[in-house]
1. It is to be established whether one or more residues within region 157-164 are in contact with a strand residue (DSSP E or B) (Cβ under 6 Å, 6 or more places away or on another chain) and more than 15 Å from ligand 2 (Cβ to nearest atom).
2. Out of ALA50, ALA54, which single residue is assigned to a helix (DSSP H, G or I), within 19 Å of GLU104 (Cβ to Cβ), more than 16 Å from ligand 1 (Cβ to nearest atom) and among the hydrophobic types (A, V, I, L, M, F, W, C)?
3. Among (1) within 16 Å of ligand 1 (Cβ to nearest atom); (2) open to solvent by less than 80 Å² (accessible area, probe 1.4 Å); (3) not in a helix (DSSP H, G or I), which single condition is TRP222 missing?
4. Being under 10 Å from the mean Cα position of the chain (by Cα) and surrounded by fewer than 16 Cβ atoms within 10 Å (Cβ to Cβ) is the filter here; which residues of region 1-19 pass it?
5. How about region 95-148: which of its residues are surrounded by fewer than 14 Cβ atoms within 10 Å (Cβ to Cβ), outside any loop (DSSP other than H, G, I, E, B), at pLDDT 95 or above and not aliphatic (A, V, I, L, M)?
6. Residue by residue through region 149-170, note down the ones that are β-branched (Val, Ile, Thr) and surrounded by fewer than 22 Cβ atoms within 10 Å (Cβ to Cβ).
7. Out of THR181, THR247, which single residue is among the polar types (S, T, N, Q), open to solvent by less than 50 Å² (accessible area, probe 1.4 Å) and either in a loop (DSSP other than H, G, I, E, B) or under 25 Å from TYR98 (Cα atoms) (or both)?
Amino acid sequence: MSTKHPIISVTGSSGAGTSTVKKTFEQIFRREGITAVTIEGDAFHRYNRADMRAELERRQAKGDHTFSHFSYDANELAELERVFRDYGETGMGRTRTYVHDAEEAEKTGVPPGEFTAWAPFPEGSDLLFYEGLHGSVVNDQVNLPALADLKIGVVPVINLEWIQKIHRDRESRGYSTEAVTDTILRRMHAYVHCICPQFTETDINFQRVPMVDTSNPFVARWIPTPDESLIVIRFRNPRGIDFPYLTSMIHGSWMSRANSIVIPGNKLDLAMQLILTPLIERLVTTARKARS
Ligand SMILES: Nc1ncnc2c1ncn2[C@@H]1O[C@H](COP(=O)(O)OP(=O)(O)OP(=O)(O)O)[C@@H](O)[C@H]1O
Ligand SMILES: O=C(CO)[C@H](O)[C@H](O)COP(=O)(O)O
């Protein structure tokens, strides 16, 4: 936790929707005049594409079928913790970009499957924004939630997450449904042991639930739309959250538990603005005062 240089981490599995949620955060930053530096979690993968495939083959040959991008040891989490700690103390740090596809390759001048060089954060930022797979990892080596000031989980129910991932990987990354299915299967062990535990560490989880049949996610012809879903918003610490205000402002919302509000899927952007703007504004105002 840092008063002077706050950190927001948004964690979600592959295809969960963290990039989509990031756009709403960027709207809040723009409207509130906040300067954020960003980390994309896959920048901290340990291997480039070719080396990852070689490492996968090496481990599978030894009988290890649990290794994947979700695994702790497929990522430089100690380095990520160091970046979090340094940013919290100094407002400085560094990141890079993992290039997934031709479009990103054209932007960065780096081939798909490779990393750009490490680059320092621009100076003068108000906060660090992380979005990726591992923003709230607690294990024997690191404790990232201890360093982040606001931890968000993007956690659609799993059938919906798989539909989102299959469609995104097919359309944006050129993978076949079969290839994505194999990736989902290969990542299951680490999904359970490395990804899911984070969502008890997060302050707020957004869980999209389809209201249409997703029984066989591997044949779904499209991603359930916002109008075809509800969203459960769970608060780890509900004290101080003005639920009567939220349920009055978000038409069609209700409380399902003392720490959880359910909203229509097409009200996610409004709900995030109403919930997150005051939390972000408080972090940034406090930090600016502490730095002055
Ligand atoms: N709330 C939502 N409503 C409808 N579609 C969504 C929603 N969130 C995500 N999607 C869709 O799901 C797919 C994956 O979303 P996105 O790219 O944001 O995932 P991600 O978590 O960033 O994935 P990765 O971490 O692998 O990059 C996209 O096609 C996106 O349009
Ligand atoms: O999205 C990811 C994890 O969620 C990985 O960054 C991505 O899958 C890397 O694999 P590839 O090199 O095949 O794109």
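The values are calculated or read from the model by the stated rules, or taken from the named source; none is laboratory data. Remember, it's a predicted structure, so these values are computed and weren't measured experimentally. Virtual Cβ from ideal backbone geometry, glycine too; neighbours counted across all protein chains shown. Please note that ligands, DNA and RNA were not included when accessible areas were found on the heavy atoms of the full protein model with its side chains. Shrake-Rupley method; radii C 1.70, N 1.55, O 1.52, S 1.80 Å.
1. Scanning region 157-164, I find at least one residue that is in contact with a strand residue (DSSP E or B) (Cβ under 6 Å, 6 or more places away or on another chain) and more than 15 Å from ligand 2 (Cβ to nearest atom), so the answer is yes.
2. Residue meeting the stated conditions: ALA50.
3. (2)
4. SER19, the sole residue that qualifies.
5. Once the filter is applied, which keeps residues that are surrounded by fewer than 14 Cβ atoms within 10 Å (Cβ to Cβ), outside any loop (DSSP other than H, G, I, E, B), at pLDDT 95 or above and not aliphatic (A, V, I, L, M), region 95-148 yields GLU106, LYS107, PRO120.
6. VAL157, ILE158
7. Within the list THR181, THR247, the selection yields THR181.
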